[in-house]
Structures are given as structure tokens and as C-alpha cells.
Amino acid sequence: MSALRQTFLVTGSDLASAALALLQDYEVVYAGKAPTEDDIVALCKVHNPVAIIVRYSKVGAAAMDAAPNLKVISKHGSGTDTIDKTEAQARGIQVVAAAGANAAAVAEQALALLLAC
């Protein structure tokens with residue numbers, strides 16, 4: 001972890017440029033295309049993130065224990081089933097999701113399936 005900038009860990013290999021612009025004051029660390037839970041824990045131990053943006057993999061108690069500065073875990077997309085919310089709550093870590101983030105894609109898929117029928 002940089003001594004001057006706090007770290008955001010992204011459990012994926014990229015973020016949109018608009019999202020990166022919002023995070024310009026933070027160090028952004030990517031876990032790669034298919035990180036395992038062990039990969040996430042290892043990165044938390046090295047970088048001690050203040051936030052994790054979950055795209056892929058699970059975030060459980062071991063990752064939270066490895067990141068004592070962790071304040072928020074945010075799901076990139078809908079649903080938080082890959083985050084251990086009970087463990088997060090016990091540690092005072094906020095869990096949030098980008099509700100509606102995939103709404104347009106879901107609506108397009110639904111219409112395409114209706115037309116295909």
C-alpha cells in the first residue's frame with residue numbers, strides 16, 4: 001500500500017475510465033480476470049485496501065481479516081451473494097451494490113428473447 005494514497009482493490013481486470021476518474025486520488029489494484037478467494041486474501045494482505053469493488057470471486061472473512069483498514073465492499077452489478085455480509089457487519093464494513101447497473105442490458109436481453117419467440 002502506498003504511504004500517501006489509500007487503496008481500492010478491484011476483483012477483476014479493469015474498470016471504466018469514468019470510474020477510474022472518480023478514483024484518481026486512490027491507488028487502484030486489479031486482481032485479474034479470474035481471481036480466487038485466496039488471490040483476494042493475498043492482495044488484501046499486501047495492499048490493505050480501504051475498499052473492495054467486487055466483480056468476480058467471493059469476499060469472505062479471510063479477506064476482511066487481511067484488510068484491517070477495509071471500510072466498504074461494493075458489488076459491481078446487482079446482488080451481494082458473493083460477499084459474506086454477516087462477517088462484514090460484524091466488522092463494521094459497509095456492503096453496497098450498484099443497483100440498476102445492468103438494467104439496460106437486462107431489458108435488451110428480455111426484448112431480444114421475446115422477439116426470438
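The values are calculated or read from the model by the stated rules, or taken from the named source; none is laboratory data. What you see is a predicted model, and the numbers here were worked out from it, not measured in a lab. Ideal geometry is used to build each Cβ from the backbone, glycine not excepted, and the neighbour counts take in all protein chains shown. These area figures cover heavy atoms from the full protein model, side chains too; ligands, DNA and RNA do not enter into them. Shrake-Rupley method; radii C 1.70, N 1.55, O 1.52, S 1.80 Å.
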Residue check: is ASN102 in contact (Cβ under 8 Å) with a residue 60 or more places away in the chain and of a type outside the set (D, E, K, R)? no
Pairs, please: C-beta under 6 Å, at least 6 apart or cross-chain, first residue at pLDDT 85 or above and in the range 75-87, second part of a loop (DSSP other than H, G, I, E, B) and open to solvent by 60 Å² or more (accessible area, probe 1.4 Å)? THR82/LYS58
